[in-house]
Amino acid sequence: MATLLIKNAQLLVTMDSHRREIPQGGLFARDGLIEQIGPTETLPPTADRVIDLSGCVVFPGLINTHHHFYQTLTRAVPAAQDANLFNWLTTLYPIWARIQPEDIFVSTQVALAELALSGCTTASDHLYLFPNGSRLDDEIEAARQTGLRLHASRGSMSLGQSQGGLPPDSVVDSEAHILADSQRLIETYHDPRPGSFCQIVLAPCSPFSVTGDLMRESAKLARHYGVHLHTHLAETEDEEAFCLQKFGYRPVGYMQSLDWVGGDVWFAHSVYVNAEEIQVYAHHRCGVAHCPSSNMRLASGIAPIQQFRAAGVNVGLGVDGSASNDGSHMLAEARQALLLARVNEGITGFSRSNDPSRKLMTAREALELATLGGAAVLGRSDIGSLEVGKCADLAAVRLDKLAYAGALHDPLAALLLCAPQNVDWNIVHGQVVVENGHHALLDIPTLVERHNRSAQRILNG
């Protein structure tokens, strides 16, 4: 079995239960799993692959809990640049209706390559429209070539405009086909074992694009097979008004009525939730994918992340769609989460508070969202920290970059407080994906050229 030795890291951040940070640290892995971790001098001196990370901060691979890979094809579309969510969607739906299977393939690789260069080792994607014969299989096949772990969400839209939904009828599908295809994908691709590189998630898109019947049947199917459930929820005030008018519930109450709460469920966004609903999440162990950049870009609002965390709700980070974030950089998203949490504290009177228990989010807490938080949201105990028995998923950043000049008093905090940088190394299950700042498995210039041809074609029709 192949062995890997990481040595001489200026600082190795474990995110273990003791939150150990090890100067001159390293780890030894065999067949993709960590066998030893500690100061370099305590580790075996040799391995099949030895990587000297002197001058680097090493940290657990970042975990992205919400994305739409295909949206890399429609970044910065002029007509959608200054719209709120509903108007943004109605602008882009007709463009997305032109997507072909090869577009799903190439956009998946672009998104995952960008994520890999930002330190991400596991990504959950939410693909919810399948025009012109596109399938989730196209994404899964593309991801296999990138080296990253994938949680592939079989999204769906069944409630078109003619039935009172938001999406045009041209991009919705029949519920019978959605459920049959969901079952096929689970049986074909889902791997629940530790170290898995592909897991299937069932993910009806949102309350305004699917029926209650599809939500209920998807939950039954997912629980029969033991896979997770995911959807957008409580993202905007428009969605709240829609749910109240159409279903007679606020979004969280609507999920409760459909049996869509539990430890196997996580929701993207959850901006418009009240104190009682936060307790519903905590009681039922629902997770949250926090998407700060997208929420800011679409003027959706600020999710109550500190309140979620105080209540014991699992919170991870998501870069969200690359047409509502326009980037797929996980370190940047962690930084954004940190800063937005502090903005929210300012709005709610932190500077005037005399409560000693009320504290600003720290850089280490932001990194926790991107690692342990993401692992908990996805239901995985094999990733999210660097510990014996867990997967050798890690990233490393050199500290001799211009962006970190003068910031070496606390190298870990520098990763989050200074301008976001690409990583120099990304290793997934002991295999090198990014080496010295370059993707080791993909020809990036050729990929970008191919991707841009696809983007131009679907934009111009």
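Things worth noting here:
- Test: Ser209 is under 22 Å from Gly160 (Cβ atoms), in the same structural domain as Ala83 (by TED's automatic domain parsing) and crowded, with 16+ Cβ neighbours inside 10 Å: yes
- Complete set of residues in the range 275-292 that are buried (at least 24 other Cβ atoms within 10 Å of the Cβ) and over 12 Å from the mean Cα position of the chain (by Cα): Tyr281, Cys286, Gly287
- Val448 of a type in the set (Val, Ile, Thr) and in the same structural domain as Glu21 (by TED's automatic domain parsing): no
- Restricting Arg98, Arg75, Arg20 to those that are surrounded by fewer than 24 Cβ atoms within 10 Å (Cβ to Cβ) and farther than 28 Å from His290 by Cβ reduces the list to Arg98.
- Matching residues in the range 168-194 - criterion: being surrounded by fewer than 17 Cβ atoms within 10 Å (Cβ to Cβ) and acidic (Asp, Glu): Asp169, Glu187, Asp191
This table checks each residue for (1) of a type in the set (Lys, Arg); (2) farther than 26 Å from His283 by Cα; (3) modelled with pLDDT under 95; (4) assigned to a loop (DSSP other than H, G, I, E, B).
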site: Arg309; (1), (2), (3), (4): yes, no, no, no
site: Gly312; (1), (2), (3), (4): no, no, no, yes
site: Gly316; (1), (2), (3), (4): no, no, no, no
site: Ala332; (1), (2), (3), (4): no, yes, no, no
site: Ala341; (1), (2), (3), (4): no, no, no, no
site: Asn344; (1), (2), (3), (4): no, no, yes, no
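- All conditions but one from (1) part of a strand (DSSP E or B); (2) within 19 Å of the chain's Cα centre (by Cα); (3) aliphatic (A, V, I, L, M) apply to Ala116; the one that does not is (1).
- The residues of the range 240-255 that are touching a helix residue (DSSP H, G or I) at 6+ places or on another chain (Cβ under 7 Å) and more than 24 Å from Gly374 (Cβ to Cβ), listed by number, are Glu240, Cys243, Phe247, Tyr249, Arg250, Tyr254.
- Considering Ala323, Ala299, Ala303, Ala289, the condition of being closer than 28 Å to Tyr225 by Cα and either outside any loop (DSSP other than H, G, I, E, B) or not polar (S, T, N, Q) (or both) is satisfied by Ala289 alone.
- Criterion violated by Val423 - all others in (1) part of a loop (DSSP other than H, G, I, E, B); (2) of a type in the set (A, V, I, L, M, F, W, C); (3) surrounded by fewer than 16 Cβ atoms within 10 Å (Cβ to Cβ) satisfied: (3)
- Cβ pairs under 6 Å, 6+ apart, first in the range 70-87 and without any contact (Cβ under 8 Å) to a residue 12 or more places away in the chain and in the same structural domain as Asp103 (by TED's automatic domain parsing), second assigned to a loop (DSSP other than H, G, I, E, B) and of a type in the set (Lys, Arg): none
The values are calculated or read from the model by the stated rules, or taken from the named source; none is laboratory data. Because the structure is predicted, anything quoted here is derived from the model rather than measured. Here Cβ is always computed from backbone atoms with ideal geometry, including for glycine, and neighbour counts include all displayed protein chains.
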